[in-house]
Amino acid sequence: MKTTPEHDERMAKMTFASVYPHYVTKVEKKGRTKEELHEVIHWLCGFDDSEIQKLIASKVTFEAFFQQASLNSNANLIKGLICGYRVEELENPLTQKVRYLDKLVDELAKGKKMEKILRKA
């Protein structure tokens, strides 16, 4: 699935710190915890709590965020629609990774069991 170059550029330059509070609000509003959010981020990217806080404090872009990440080898098992895009069909690798994270946060907020969110082959 094609996105526009402008869309991909906007995703790359957006800071993790600007989106993180929205992730927290979204999951907590649905009865989930910040700890569960961090578990999802850790599974996808390999960051622990202190690394997440450093990334927020340094206001890294999503481009830098995912350059530093160790993407889970099962990330390609994340499928479905998020923000009108089918994540498995996104052609831009960075945009796809950002949407992977969005999809996992969405699943967490929707009450999906953690075993299902943290995909295993």
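Go through the residues of the stretch 30-42 one by one and say whether even a single one is hydrophobic (A, V, I, L, M, F, W, C), assigned to a helix (DSSP H, G or I) and touching a Phe, Trp or Tyr at 6+ places or on another chain (Cβ under 7 Å). Can you show your working first?
Here is the first cut: in the stretch 30-42, the ones hydrophobic (A, V, I, L, M, F, W, C) are 37, 40-41.
Filter once more, keeping what is assigned to a helix (DSSP H, G or I): 37, 40-41.
In the following step, the residues that additionally are touching a Phe, Trp or Tyr at 6+ places or on another chain (Cβ under 7 Å) were identified as 37, 41.
The answer is yes; a qualifying residue exists.
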### From the options 26, 79, 34, 59, residue that is free of Cβ contacts under 8 Å to residues at least 40 places away in the same chain, closer than 24 Å to residue 7 by Cα and of a type in the set (Lys, Arg)
79
### Criterion violated by residue 15 - all others in (1) among the β-branched types (Val, Ile, Thr); (2) within 19 Å of residue 87 (Cα to Cα); (3) open to solvent by 30 Å² or more (accessible area, probe 1.4 Å); (4) touching a residue at least 12 places away in the same chain (Cβ under 8 Å) satisfied
(2)
### Summary
Here the residues within the stretch 43-81 that are among the polar types (S, T, N, Q) and either in a helix (DSSP H, G or I) or modelled with pLDDT under 95 (or both) are 50, 53, 67, 68, 76
#### Entry: Answer residue from the stretch 42-81, given it is under 18 Å from residue 106 (Cα atoms), open to solvent by 60 Å² or more (accessible area, probe 1.4 Å) and of a type outside the set (A, V, I, L, M) and is nearest to the chain's Cα centre (by Cα) among those
42
### Message
With the structure loaded, tell me whether residue 110 is open to solvent by 80 Å² or more (accessible area, probe 1.4 Å), out of contact with any Cys (no Cβ under 8 Å at 6 or more places or on another chain) and under 21 Å from residue 29 (Cα atoms) or whether it fails that test.
### Response
yes
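I need the full set of residues from the stretch 28-41 which are β-branched (Val, Ile, Thr) and surrounded by fewer than 16 Cβ atoms within 10 Å (Cβ to Cβ), in order please. Can you show your working first?
Step one: filter the stretch 28-41 for residues β-branched (Val, Ile, Thr), giving 33, 40-41.
Result: 33, single match.
The values are calculated or read from the model by the stated rules, or taken from the named source; none is laboratory data. Every value quoted in this text rests on a predicted model; they were computed, and no experiment measured them. Neighbour counts run over all protein chains shown; Cβ positions are idealised from the backbone, glycine included. The area values use the complete protein model at the heavy-atom level, side chains included, leaving out ligands, DNA and RNA. Shrake-Rupley method; radii C 1.70, N 1.55, O 1.52, S 1.80 Å.
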